[in-house]
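Below: the structure, in structure tokens.
The values are calculated or read from the model by the stated rules, or taken from the named source; none is laboratory data. None of these values were measured; they are calculated from a predicted model. Please note: Cβ atoms are built from the backbone with ideal geometry, for glycine as well, and neighbour counts cover all protein chains shown. Areas reflect the complete protein model, heavy atoms only, side chains present, ligands, DNA and RNA absent. Shrake-Rupley method; radii C 1.70, N 1.55, O 1.52, S 1.80 Å.
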Amino acid sequence: MTRTRTTRLRRPLLAGTTAVAAIAVTAGLVAATAEPAKAATGPKLSLIAATNSLTLTSWKEDPGVYLDLGTYLTAEGRPLELKVTRKSYKDPVTITQTVYEGGKAKAKTLPKGTVKDFSGLPGFAEVTVTDKVGKKVLSRTEDFCPNNASGRVRPDAPATSKYPESCPTNPFTLGSVWGVEKGWAANTYAGSYTAPAALAPGTYTAKVSVAKKYRDLFGIENKPATVKVTVVERSWEDDQGAVGPAASRSATAGEHAGHEAAHQAPAAHAGHGPGHAPTPAQAAAPATSGAGPSYNVGHGPLKAAPPALPWALKKEQAARSLPVGDKGGQTDGSRKAPALQPLAKRPAGKPAVPDVPKPDLRSLPAYGIVVTDGEKDIPGKDYLAFSANVWNAGPAQLVVDGFRSPGKAKMDAYQYFYDAKGKQVGYTPTGTMEWDPRPGHMHWHFTDFASYRLLKADKKEAVRSGKEAFCLANTDAIDYTVKNANWHPYNTDLATACGEENSISVREVLDVGSGDTYSQDLPGQSFDITDVPNGTYYIQVLANPEKRLKETSLDNNSALRKIVLGGKPDARTVTVPAHDLVNAN
């Protein structure tokens, strides 16, 4: 249970990307015995270091170095594949490993407590740093996401990895798939899950090893990786010729893989305003010269947000009121994912809803629940802000195209249907799309996708959010174990998912297994609770409120999250009880 009041919502994110150098290290052999007659085999895993030495930068305005030491876990023979699931929010998170018996895949259940959530293997890497005289100056453990920034370690390895590019951090995630492809390596650096290290300028020796319980579990040989580290101190003010610390650090710190990152935070859309930018403490380390794409948690795969920024850049960013990297139609500093193209023209002929697989929109309970002042210090005003996610459990994509008649301010929206071979076999009108010109938005919103209500203890409506139009994008990997889940969704950022002001048509897609998180943190979106009495309430997240979209089921479109309002005017508080086993506000 948590009590909280803040003036801003932020989303934690995972970041990651880094180049891999092929360094041969003897690997341990994994042998999991399924039965006396046959042996179930898994991958051959090794810990390697991409370099023997590197230089890390500590900024005077924002001291500390990110310990991306270039250490990787490699997989040979077979990929490392793990499936992490929970039956419901009343059940603990469990994990299985895919092993092979007689050439056939089977699931091997790993010990209870191996994982606690969906963010990775806890305490996987053990990091020790000593100074030049051998004195230990730092010792820590870091979690490991097998979907971390990765690359091939040999030229005959698969050209691409089939595994997702993130480990989700949404507190209501239901299922995830983690993996290191055969012939690939994944960075062991924990990215935004670990704090920068306070190391003075000088030379150090860093030793990274795999914790014994994981060596025993996966058959990894006990061969730590050692890296010589030189820490240099620089001042951003003296470095005006460079792009800035985010770029400078890009050569010295990697990013942890996270699907988030496509609106850059489980406070994802954040009204699509400044809420997209994570706080310095939550920001991931910057990109490096990676062999693959960058990732995050809320709109995977995406380049992560900049790291903790020096004060000068923070001041500049605050003055602009937009995150670093933002521009028209792009509000999270992310790279541009491949665009999803709508049909060349609006559909003709008679609309029809054929008997083929359809999407199944489901709401998650609200989270990131805080009392704010609307980010504008409005005297006497209190707002209840929160994050809400609607996801698609499949088995089919939600595909919505908008078509604009010349000179019209709105687009006509249509939902499309496809057969098992991917051929379009029907469509139906499903409302409209409208252009939102406000800074931090600047894209086309599909109307009536979801609505949010504050309900009294008797479940009757007390307040309704004004937010009902959305740009659809795959910000969060909610359950990648469902049928037809797409581990590599395309429309993962607003720049490509939701068009430009002069667009004649737009395609917006919510893929199977992914959800779209919006943070209701602006006046008109968040609940105005100024005159709402203290007491017990429920935040309702309702998908497809007008039932315009055709779904597999309409019975799971609503989710409730219990809260208790307290405090005094202009100093309200909110208490958020745990939702079954999920104790996240």
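Structure values in brief
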{"item": "LYS108 paired with LYS410, simple spin-label distance in nm, labels 7 Å along Cα-to-beta-carbon", "result": "5.8 nm"}
{"item": "Cβ-based net charge around ALA462, under 15 Å, with every Lys or Arg adding one and every Asp or Glu removing one", "result": "+3"}
{"item": "For segment 382-459 and segment 81-103, distance of Cα centres in Å", "result": "33 Å"}
{"item": "Set of lysines with alpha-carbon distance to LYS460 below 28 Å, sequence-local pairs under 8 removed", "result": "LYS90, LYS381, LYS547, LYS550, LYS562, LYS568"}
{"item": "Chain lengthening between ASP216 and ASN556 when straightened (0.36 nm per residue, less Cα-Cα)", "result": "118.2 nm"}
{"item": "Whole-angstrom Cα spans of segment 80-121 along principal axes, big to small", "result": "36, 19, 14"}
{"item": "Cα gyration tensor shape of segment 164-237, rounded if a/c is under 1.5, else prolate or oblate by comparing a/b with b/c", "result": "oblate"}
{"item": "Total formal charge among the other residues, if their Cβ is under 11 angstrom from that of VAL425, Lys/Arg +1 and Asp/Glu -1", "result": "0"}
{"item": "FRET efficiency for ASP419 and SER53, using Cβ-Cβ distance with R0 set to 56 Å, rounded to 0.05", "result": "0.50"}
{"item": "Heavy atoms of LYS104: accessible area, 1.4 Å probe, square angstrom to 10", "result": "150 Å²"}
{"item": "With 5 Å bins from 0: P(r) over segment 128-174, alpha-carbon pairs, percent", "result": "4, 14, 14, 14, 11, 13, 14, 10, 5, 1"}
{"item": "Residue-count net charge about ARG140 - beta-carbon cut-off 14 Å; Lys, Arg +1, Asp, Glu -1", "result": "-2"}
{"item": "Label-point separation, ASN534 to VAL137 (7 Å along Cα→Cβ), nm", "result": "5.1 nm"}
{"item": "Alpha-carbon radius of gyration plus Dmax, which is the widest Cα pair, for segment 504-585 in Å", "result": "16.6, 50"}
